[in-house]
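Just below is one structure, and these are the notes that go with it.
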Amino acid sequence: MNIFNVSQSVGEIVAIMPKASEVFKELSIDFCCGGHRKLEEVIKEQGLSQEEVLKKLDKAYEDTRRLAGQLDYRTFSLSELIDYIENTHHTYMYRALPQISELTATILRVHGSAHTELFKVHKLYHNLKTEIEQHLIKEEEVVFPLIKKYEAVPSKELNENISRVVGETEEEHETAGGVLKELRKITNDYTVPEGVCATYERTYDALKALESDLFQHIHLENNILFRKLEIKV
Ligand SMILES: [Fe+2]
Ligand SMILES: [Fe+2]
């Protein structure tokens, strides 16, 4: 599953992941003046391999994340941490959620009659997807701007406001974690049955990847971002 896709513009990709500029430089792709052009267009014009370009971008993304994994997030300012969470974990979700939606629908259609638990997998996943989508928007539009505002100009009133929304946010994290646990249970820890197609395996791998990304994401928000806020308060 690729993190980026060719319908995105070159500039958009660099905005999401600055390290993409290194990939584009290596391939002589203009991401400054030609930043508005869709990746697909550029690949075609320069006679490049789409698969190879996306693979290089994925690798750059993985490198960024690995490097970030060695960083001490506690040394980040509140705004830096918020930007990091949005650039890595929120970006990941916007890519992965629709892809997994299609995958769960595909395996339900092909294997649902023999493996009836897939009806539940499909339903649970889509409940989770809707919840995560709303949650990300709420964080981006309400929670994170409030925290950034508080970091710039702290006040008692803002502090109270933030405490309330952070409480709700943590509850939503718990709900999402509960759905993931249920998904694990009904898929028998994502065990792929014998004799099914490769899409089945890809779907379960993608769900496992989503789970691990979400756990790290929630960890950064609950245990670092929100706690750091309390220390400041
Ligand atoms: Fe988040
Ligand atoms: Fe969150």
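The values are calculated or read from the model by the stated rules, or taken from the named source; none is laboratory data. Quantities reported herein were computed from a predicted structural model and do not represent experimental measurements. Using ideal geometry, Cβ is built from the backbone for each residue, glycine included, and neighbour counts are taken over all protein chains shown.
Some notes on this structure:
- Restricting attention to the range 29-61, the residues being in contact with a Lys or Arg (Cβ under 9 Å, 6 or more places away or on another chain), farther than 14 Å from VAL14 by Cα and touching a residue at least 12 places away in the same chain (Cβ under 8 Å) number 1.
- Check on ILE107, more than 20 Å from SER77 (Cβ to Cβ) and either free of Cβ contacts under 8 Å to residues at least 24 places away in the same chain or over 26 Å from the mean Cα position of the chain (by Cα) (or both): no
- Subset tally (residues that are surrounded by 15 or more Cβ atoms within 10 Å (Cβ to Cβ), farther than 16 Å from GLU172 by Cα and either within 16 Å of ligand 1 (Cβ to nearest atom) or without any contact (Cβ under 8 Å) to a residue 24 or more places away in the chain (or both)) for the range 148-162: 2
- Of all the residues in the range 192-233, those that are more than 22 Å from HIS173 (Cα to Cα) and aliphatic (A, V, I, L, M) number 4.
- So GLU194, is it touching a Ser or Thr at 6+ places or on another chain (Cβ under 9 Å), over 20 Å from SER101 (Cα atoms) and surrounded by fewer than 16 Cβ atoms within 10 Å (Cβ to Cβ): no
- Residue ranges of helices (runs of 4 or more DSSP H) in the range 26-85 with at least 1 members under 30 Å from GLU221 (Cβ atoms): 50-69, 78-85
- Just one residue in the set THR88, THR130, THR104, THR116 is modelled with pLDDT of 95 or more, β-branched (Val, Ile, Thr) and within 16 Å of ligand 1 (Cβ to nearest atom); that residue is THR130.
- Across the range 72-87, not a single residue is classified as among the β-branched types (Val, Ile, Thr), in contact with a Ser or Thr (Cβ under 9 Å, 6 or more places away or on another chain) and on the phi < 0 side of the Ramachandran plot.
- Residue list for the range 67-85, filter: within 16 Å of ligand 1 (Cβ to nearest atom) and surrounded by fewer than 16 Cβ atoms within 10 Å (Cβ to Cβ): ALA68, SER79, GLU80, ASP83
- Test: residue in the range 76-91 that is closer than 27 Å to GLU131 by Cβ and in contact with a strand residue (DSSP E or B) (Cβ under 8 Å, 6 or more places away or on another chain): no
- Among the residues of the range 207-233, those that are surrounded by fewer than 18 Cβ atoms within 10 Å (Cβ to Cβ), within 17 Å of the chain's Cα centre (by Cα) and hydrophobic (A, V, I, L, M, F, W, C) comprise ALA209, PHE215.
- When residues of the range 134-147 are limited to those that are closer than 18 Å to PHE215 by Cα and touching a residue at least 40 places away in the same chain (Cβ under 8 Å), the one surrounded by the fewest Cβ atoms within 10 Å (Cβ to Cβ): LEU136
- Filter pass, SER49 being surrounded by 12 or more Cβ atoms within 10 Å (Cβ to Cβ) and hydroxyl-bearing (Ser, Thr, Tyr): no
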